[in-house]
Amino acid sequence: MNNYVLIGFMGCGKTTIGKKLADRMGMEQLDTDALIVQEAGMPVTEIFHREGEQGFRLRETKMLESLVRSGRENTVYSTGGGIVMQEENRNLLHRLGTVVLLEITPEEVIRRLGKDTTRPLLQGEDRMKKVRTLMARRRKAYEDCADRKIEVSGKTPEAIMEEILKSPQEI
Ligand code: S3P
């Protein structure tokens, strides 16, 4: 598979960079969150509200399974920040393509998403604490899943895209 799979914490730019990368490479970009929303016919916040985080995670796994089954190539996949937490998903992500982890600092997440209302896991008081706790809990899963890692804080989307393209894909 010549696909790229972008993973990383909320706000790291998986969708923005995925679109740029796809444009540059003449590939298609698909976003697992957008596909889930489309299929469910409701936004992520409502899926969490009605089905809980567990329901959303189930939808993520089913979506990954169907994407793997599709066998599509020439695609940049952008994913939801929590998709790496199930081992099954990590295996499916690898089957989709080269997994690139976009690493971000908690400070930068807060700068970007301090007022965001679309991420159920960041709502409420003390967002910085929420970000730090979730990041710590997820760090190993991100590391285990990544074929390559790129630090994004303080870089432009163009610079990040160039970095992704610089080193050859590992398949
Ligand atoms: C989540 C990240 C979100 C979305 C959902 C859950 C997470 O995607 O999938 O709100 O658990 O980190 P982004 O990473 O695109 O914000």
Per-q log10 I(q)/I(0), segment 107-171, q = 0.18, 0.19, 0.29 Å⁻¹ (Debye; single scatterer per alpha-carbon; no solvent): -0.86, -0.93, -1.20
For segment 1-102, the fraction of alpha-carbon pairs in successive 5 Å shells from zero, as %: 2, 14, 25, 26, 20, 10, 3, 0
Accessible area of the chain divided out per residue, in Å², using a probe of 1.4 angstrom: 51 Å²
Segment 65-162 - percent of accessible surface contributed by carbon and sulfur, probe 1.4 Å: 48 percent
Size-normalised alpha-carbon gyration radius of the chain, reference 2.2 N^0.38 Å: 0.98
Sequence-distant residues sharing a close amide H with residue 29 (under 5 Å, placed H): 76
Euclidean distance between Cα centres, segment 10-54 to segment 57-86, Å: 10 Å
Using θ = phi - 60° and Karplus 6.51 cos²θ - 1.76 cosθ + 1.60, couplings along segment 98-105 (whole Hz; Gly, Pro as x): 6, 8, 10, 8, 9, 8, 9, 8
For segment 57-70, Karplus couplings with θ = phi - 60° (6.51, -1.76, 1.60), whole Hz, Gly/Pro x: 4, 4, 5, 4, 4, 4, 5, 4, 4, 6, 5, 5, 4, 5
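The values are calculated or read from the model by the stated rules, or taken from the named source; none is laboratory data. It should be emphasised that the depicted structure is a prediction, and the values quoted were computed from it without experimental measurement. We work out accessible area using only protein heavy atoms, side chains counted, and drop any ligands, DNA or RNA first. Shrake-Rupley method; radii C 1.70, N 1.55, O 1.52, S 1.80 Å.
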